[in-house]
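Below: the structure, in structure tokens.
The values are calculated or read from the model by the stated rules, or taken from the named source; none is laboratory data. Quick caveat, the model's predicted, so the values are computed rather than measured. For neighbour counting, all protein chains shown are included, and Cβ atoms are generated from backbone atoms with ideal geometry for every residue, glycine included.
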Amino acid sequence: MIPMIDLNREMLYLKDAIQFSINDVLDSGIYVLGERVEALEKRIANYTNTTFGIGLANGTDALLLALKALGICAGDEVITTAFTFVATAEAIALTGATPVFVDIDPHTYNIDPDLIRKAITPRTKAIIVVHLYGRAAEMTTILEIAQRHNIKVIEDACQALGTEYGGHKAGSLGAIGCFSFYPSKNLGAFGDGGMVVTNDKDLHEKICELRNHGSRQRYVHSSIGINSRLDELQAAVLLVKMNYLDLFLERRRSIAERYTTELSPFAKTPSIFKDRGHTFHQYCIEIDHRADMQQYLKEKLISTAVYYPIPLHLQEAFAYLNYKNGDLPVTETISARILALPIFPTMTSDEQEYIIAAIRDYYLVN
Ligand SMILES: *Cc1c(COP(=O)(O)O)cnc(C)c1O
């Protein structure tokens, strides 16, 4: 079976370097928020050209603490997309604020800036922009709207570490950028991990406080925080993997390019826009008879996946917001048509050839 992602293959490729680095942590006797976490924070801040990185337990906490640091709370509204992983809106709800879902652009699958304008009310305090599948959202327009209305922009760049937009890295454009190091992400740990980046010293200090029980000084607690520390073992693994990030992203891009060349006569492949980058965390096509295609590919031993089959405004968890079918037509149409194909840096050319041939055969017969 060709998997969606093969982490084992990647691990074997990096095993010696990672093992060395892990042993180093074991010998150090320091396991949480030590020098490796600090080094990783500097490394990610450098990579994204931001001033501060703050290591956290996961990407969901990155979103939650970003919102909390900006003072978002009950009574506030936060605009976002319903075509994303649940964590984006979950973090908003956990602060007590109300997620306000707006529809997406049918070509980028990212939040539609024109619809943001229409959704702004006096209670709107922030926008969480998601760079879905690794594709940069329309940041220039969104930042303009936000500035005009005095609204903060948080970037959910959990799928987009390394993505570029007009010469800037995703995560560095808004007030705070959020990353996840979940194993399958562009930069994946051997467990959970996350990070926020920012250029704002006060936000940096506030998030450092919030990740450690609202404390800046041991046993002195100035706010209600959480435990969201990043541990040294994960940081050690991630520091090794950072050496390969750009190489791996280049592999993703060239696999994506080949899919697009070969599959665009048959299916809607991702639109490409100059100056607005894509790191292809996922490679998704749009097709008519998705269930048929998935079944056919499964019989050919090819994995596929759907990100995401039920948009957030129609999830039971958000039923209290009273959205209904038809409220976000583009989101609903795309979520019924989208199909993710296997893509990962260590995928072989033969594997991709086999996948492309199978899809081509499907269309020649059907
Ligand atoms: C993975 C992901 C998250 C959450 O990250 P975790 O580390 O799993 O908590 C948030 N938003 C998006 C878009 C993601 O893909």
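Looking only at the range 89-109, filter to residues that are part of a helix (DSSP H, G or I) and buried (at least 22 other Cβ atoms within 10 Å of the Cβ); which one of those is nearest to the ligand (Cβ to nearest atom)?
The first filter runs over the range 89-109 and keeps only residues part of a helix (DSSP H, G or I), leaving 89-94.
Adding the requirement that they be buried (at least 22 other Cβ atoms within 10 Å of the Cβ) leaves 89, 91-92.
Values: ALA89: 10, ALA91: 8, ILE92: 12 Å.
Within the range 89-109, the match that is nearest to the ligand (Cβ to nearest atom) is ALA91.
Considering only the range 336-352, state which residues are touching a helix residue (DSSP H, G or I) at 6+ places or on another chain (Cβ under 9 Å) and assigned to a helix (DSSP H, G or I). Step through it out loud before you land on a result.
Residues of the range 336-352 touching a helix residue (DSSP H, G or I) at 6+ places or on another chain (Cβ under 9 Å): 336-347, 349, 352.
Passing the criteria: ALA336, ARG337, SER349, GLN352.
Residues of the range 143-166 being within 16 Å of the ligand (Cβ to nearest atom) and of a type in the set (A, V, I, L, M, F, W, C), which ones?
VAL153, ILE154, ALA157, CYS158, ALA160, LEU161
Can you find a residue that is surrounded by fewer than 23 Cβ atoms within 10 Å (Cβ to Cβ), at pLDDT 95 or above, of a type in the set (Lys, Arg) and not in a strand (DSSP E or B) anywhere in the range 151-170?
No, the range 151-170 contains no residue that is surrounded by fewer than 23 Cβ atoms within 10 Å (Cβ to Cβ), at pLDDT 95 or above, of a type in the set (Lys, Arg) and not in a strand (DSSP E or B).
Within the set of pairs 6 or more residues apart or between chains, which connect a residue that is at pLDDT 95 or above and within 14 Å of the ligand (Cβ to nearest atom) inside the range 76-88 to a residue that is part of a strand (DSSP E or B) and of a type in the set (D, E, K, R) with Cβ atoms less than 6 Å apart?
THR88/ASP156
Taking only the range 123-142 into account, find how many residues are within 15 Å of the ligand (Cβ to nearest atom) and assigned to a loop (DSSP other than H, G, I, E, B).
Number satisfying all stated conditions: 3.
Mind listing whichever residues of the range 316-335 are part of a helix (DSSP H, G or I), farther than 17 Å from VAL306 by Cα and among the hydroxyl-bearing types (Ser, Thr, Tyr)?
Step one: of the range 316-335, the residues part of a helix (DSSP H, G or I) are 316-321, 329-335.
Cutting the leftovers down to farther than 17 Å from VAL306 by Cα gives us 316-321, 329.
Matches in the range 316-335: TYR320 only.
Tally the residues that are over 24 Å from ASP350 (Cβ atoms) and either among the hydrophobic types (A, V, I, L, M, F, W, C) or surrounded by 17 or more Cβ atoms within 10 Å (Cβ to Cβ) (or both), restricting the search to the range 288-318. It would help to see each step written out before you state the result.
Here is the first cut: in the range 288-318, the ones over 24 Å from ASP350 (Cβ atoms) are 288-292, 306-318.
Right, trim to either among the hydrophobic types (A, V, I, L, M, F, W, C) or surrounded by 17 or more Cβ atoms within 10 Å (Cβ to Cβ) (or both) and you get 290-291, 306-308, 310-314, 317-318.
Number satisfying all stated conditions: 12.
So in the range 167-194, with the set limited to residues that are of a type in the set (A, V, I, L, M, F, W, C) and within 10 Å of the ligand (Cβ to nearest atom), which one is nearest to GLU155 (Cα to Cα)? Give the derivation first.
Quick first cut of the range 167-194, residues of a type in the set (A, V, I, L, M, F, W, C) only: 170, 173, 175-176, 178-179, 181, 187, 189-190.
Still in the running and within 10 Å of the ligand (Cβ to nearest atom): 178-179, 181, 189.
Numbers: CYS178: 6, PHE179: 9, PHE181: 15, ALA189: 21 Å.
Filtering the range 167-194 for residues that are of a type in the set (A, V, I, L, M, F, W, C) and within 10 Å of the ligand (Cβ to nearest atom), the one nearest to GLU155 (Cα to Cα) comes out as CYS178.
Output yes when any residue across the range 33-53 is within 24 Å of LYS201 (Cα to Cα), at pLDDT below 95, more than 16 Å from the ligand (Cβ to nearest atom) and over 19 Å from the mean Cα position of the chain (by Cα), and no when none is.
First, the residues of the range 33-53 that are within 24 Å of LYS201 (Cα to Cα): 33-53.
If we keep only those that are at pLDDT below 95 too, we end up with 33-34.
Checking which are more than 16 Å from the ligand (Cβ to nearest atom) leaves us with 33-34.
Filter once more, so that each one left must be over 19 Å from the mean Cα position of the chain (by Cα): 33-34.
Among the residues of the range 33-53, at least one is within 24 Å of LYS201 (Cα to Cα), at pLDDT below 95, more than 16 Å from the ligand (Cβ to nearest atom) and over 19 Å from the mean Cα position of the chain (by Cα), which makes the answer yes.
Report, ordered by the first and then the second residue, all pairs with beta carbons closer than 8 Å, sequence separation of six or more or different chains, a first member in the range 290-310 that is over 26 Å from VAL86 (Cβ atoms), and a second member that is surrounded by fewer than 16 Cβ atoms within 10 Å (Cβ to Cβ) and polar (S, T, N, Q).
Final answer for the pair search is ASP292/ASN366.
Could you list all residues from the range 292-307 that are of a type outside the set (Val, Ile, Thr) and touching a strand residue (DSSP E or B) at 6+ places or on another chain (Cβ under 8 Å)? Show your work before the answer.
Pass one, the range 292-307, residues of a type outside the set (Val, Ile, Thr): 292-301, 303, 305, 307.
Passing the criteria: MET293, GLN294, LEU301, SER303, ALA305, TYR307.
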